[in-house]
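Chemist: A single structure is presented below for examination.
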Amino acid sequence: MPEQIPNDSVGLVIPKVHHFDQPLTLRSGRVLPSYDLVYETYGELNADHSNAVLICHALSGDHHAAGYHSMEDKKPGWWDSAIGPGKAIDTNRFFVVALNNLGGCAGSSGPTSINPETGKPWGPDFPIVAVRDWVNAQARLADVLEIDQWAAVVGGSLGGMQVLRWSIQFPERLRHAVVIASAPKLSAQNIAFNEVARQAIAKDPEFHDGHYLEHGTIPKTGLMQARMLGHLTYLSDDAMKQKFGRELKEGKLNYSFAPEFQVESYLHYQGEKFSTRFDANTYMLMTKALDYFDPAADYDNDLVQCLSQAQCDFLVVSFTTDWRFSPERSQEIVDALMHADKNVSYACIESDNGHDAFLLPIPRYLDIFSAYMERVAADIPTAGGQS
Amino acid sequence: MRDDHALIQRGVKPGSQVLDLGCGQGALLQYLQQHKNVRGYGLEINPDNITACIRNGVNVIEQDLDNGLRNFEDNSIDTVIMTQALQAVERPDLLLDEMLRIGNEAIVTFPNFGYWRTRFYLMFKGRMPMSETLPYNWYDTPNIHMCTFRDFEILCREKNIKILKKTVVDGEHKQHWTIRLWPAMLGEIAVYHITRK
């Protein structure tokens, strides 16, 4: 619990829900007749509606990006290090919108919500969504909020993929794109990790082909294994070495199969925590969206041609020890953007923290992020003319 | 405008595409963008410089010149510029090849190790020369491949590189009639505008 809300926090926030009745045709061809999106906003929208920044969340993220829901909250939103007054995404300047994507389990329509046609939870029948479907839904939310053009669309990891999608799908609707620790598409290794995670969930006897809610069960073991695997890939060897080394829980070897090393109990704890808060079908669905993402596929697999559609300026950031989305993957994006003659800046941040670094307050990272967002702020058109 | 930038910008065509190797805080690119409608990217490795470039509205890419420029296609840039960095890279000869593979033309500036003061410093003190343009000890200098104007021109000849224009100036990037008399001895910095033969 924050005894006192810090000065650089957006403070107490209340999520909002918008119900959409206009059917959404998905990438898969299926149609979602109606749906809810839950979102939070921080800062004030200016008179021209030109200072809005969209935050796209990653795999297990949601709409709660900054601030606290109550004074009893143990932790602020997932990107509180970057969003707030005076922070990189300065809420004194920007109106920030963060939402839970379709298929999520934090309030937006997804496997845990009720299918209006059956009156029962969607479960595994919730349509598989693609990154472009999220972007379409986000664009509709922008319409509701009367935001014609985002000052910037920002995201890390799977969030960065949504940013790339925005830049080619609605090129006229954003002025800047910030793509952090992301990739133009997954590698075979990435897809393999996702499949192992999905299999762990699907093979859990409590999964019941995804109909666990009807059976009154939760595939806790499978989810836990999936998260433990995921967690491993988000950290780096160095980060784990520093954090745990080969430290033992009880100071001695017990020659048993119970967790003996600190790193084991840490993974157990993380997996356990996740398995109680996250929906298994949502995890399956979000990892599928990751696997499918490949915007260049629509352009003869030519990423340059694909990104030529974009009209915005770009900042691309990667981290040295991120092996899930390595700096080379970010460089592919940067090279393609340069070949496409786009305005792009790129920085590779020294960090020991692996993929997780994009959520951490690393000084050089936040400096660059802030410097770029200052540019974004300077580009905000004001009433009656240019800035 | 900085005097060295004044000299360099003369060789850059309005509206052209520029790559600035070791672009520092992006001042040259910023000038070229604002006054010559030039589009371009700067490559840089110093973290503070990269942040400054971003703040200055310049496209900056974090990239180590010593790892090559393989991510750039042949003839993809009009002019490749490198200001005061030739002497600091591992293989200046290979980098020159790369610059003229990617760019139709290149502009290179570097300090003259044949400047009279450097020659006298070594001759009379018997120590590696230090000056305002070369303010480092031999052991901590980033400048690992010092050369004279003549050395550079011999390299160009061997590589079939054509020197379009050579401007020799003093440490403040000012031209002076005395320098024109004996550039190899009296010039401190040279700006070479080069292309392939």
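Chemist: Which of the residues spanning region A:341-355 are surrounded by fewer than 18 Cβ atoms within 10 Å (Cβ to Cβ) and aliphatic (A, V, I, L, M)?
Modeler: If the condition is that a residue be surrounded by fewer than 18 Cβ atoms within 10 Å (Cβ to Cβ) and aliphatic (A, V, I, L, M), then no residue fits.
Chemist: Where in region B:37-137 are the strands (runs of 3 or more DSSP E), entirely inside, with at least 3 residues that are more than 10 Å from chain A (Cβ to nearest Cβ) and touching a residue at least 12 places away in the same chain (Cβ under 8 Å)?
Modeler: Because the criterion is at least 3 residues that are more than 10 Å from chain A (Cβ to nearest Cβ) and touching a residue at least 12 places away in the same chain (Cβ under 8 Å), the strands (runs of 3 or more DSSP E) in region B:37-137 that meet it are B:77-83, B:103-111.
Chemist: Within region A:21-59, work out how many residues are of a type in the set (Asp, Glu), more than 17 Å from the chain's Cα centre (by Cα) and not in a loop (DSSP other than H, G, I, E, B).
Modeler: The total comes to 1.
Chemist: Where the second residue is hydroxyl-bearing (Ser, Thr, Tyr) and open to solvent by less than 40 Å² (accessible area, probe 1.4 Å) and the first is part of a loop (DSSP other than H, G, I, E, B) and lies in region A:278-304, which pairs have Cβ atoms under 7 Å and are six or more apart or on separate chains?
Modeler: That search, which allows pairs on different chains as well, returns A:278/A:60.
Chemist: Residues of region A:114-173 being at negative phi, part of a loop (DSSP other than H, G, I, E, B) and touching a helix residue (DSSP H, G or I) at 6+ places or on another chain (Cβ under 9 Å), which ones?
Modeler: Matches in region A:114-173: A:118, A:122, A:126, A:127, A:128, A:129, A:130, A:147, A:148, A:149, A:151, A:170.
Chemist: With the condition kept exactly as written, say whether any residue in region A:356-378 is farther than 26 Å from residue A:106 by Cβ and modelled with pLDDT under 95.
Modeler: Within region A:356-378, not a single residue is farther than 26 Å from residue A:106 by Cβ and modelled with pLDDT under 95.
Chemist: Same structure, new question: Return the residue satisfying two criteria in turn: it lies in region A:315-351 and is farther than 18 Å from residue B:47 by Cβ and charged (D, E, K, R), and of such residues it is nearest to the other protein chains (Cβ to nearest Cβ).
Modeler: Out of the qualifying residues, it is A:335.
Chemist: Then there is this: Could you identify the single residue in A:290, A:359, A:307, A:366 that is within 14 Å of another protein chain (Cβ to nearest Cβ) and of a type outside the set (Ser, Thr, Tyr)?
Modeler: Exactly one of A:290, A:359, A:307, A:366 is within 14 Å of another protein chain (Cβ to nearest Cβ) and of a type outside the set (Ser, Thr, Tyr), namely A:366.
Chemist: Only one of these conditions is not met by residue A:312: (1) away from chain B (no Cβ under 12 Å); (2) out of contact with any strand residue (DSSP E or B) (no Cβ under 7 Å at 6 or more places or on another chain); (3) of a type in the set (A, V, I, L, M, F, W, C). Which number is it?
Modeler: Going through the list (1) away from chain B (no Cβ under 12 Å); (2) out of contact with any strand residue (DSSP E or B) (no Cβ under 7 Å at 6 or more places or on another chain); (3) of a type in the set (A, V, I, L, M, F, W, C), residue A:312 breaks only (2).
Chemist: List pairs: first residue in region A:208-221 and on the phi < 0 side of the Ramachandran plot and of a type in the set (S, T, N, Q), second residue surrounded by fewer than 18 Cβ atoms within 10 Å (Cβ to Cβ) and part of a helix (DSSP H, G or I) anywhere in the structure, Cβ distance under 9 angstrom, at least six positions apart or on different chains.
Modeler: Pairs that qualify, where the first residue is on the phi < 0 side of the Ramachandran plot and of a type in the set (S, T, N, Q) and the partner is surrounded by fewer than 18 Cβ atoms within 10 Å (Cβ to Cβ) and part of a helix (DSSP H, G or I), are A:217/A:208.
Chemist: Here is a check on your reading of the model: is residue A:333 crowded, with 17+ Cβ neighbours inside 10 Å, part of a helix (DSSP H, G or I), touching a Gly at 6+ places or on another chain (Cβ under 9 Å) and of a type in the set (A, V, I, L, M)?
Modeler: yes
The values are calculated or read from the model by the stated rules, or taken from the named source; none is laboratory data. Keep in mind that this is a model prediction, so the values were computed, not measured. With ideal geometry, Cβ positions are generated from the backbone for all residues, glycine too; neighbour counts draw on all protein chains shown. These accessible areas exclude ligands, DNA and RNA; they are computed on the full protein's heavy atoms, side chains included. Shrake-Rupley method; radii C 1.70, N 1.55, O 1.52, S 1.80 Å.
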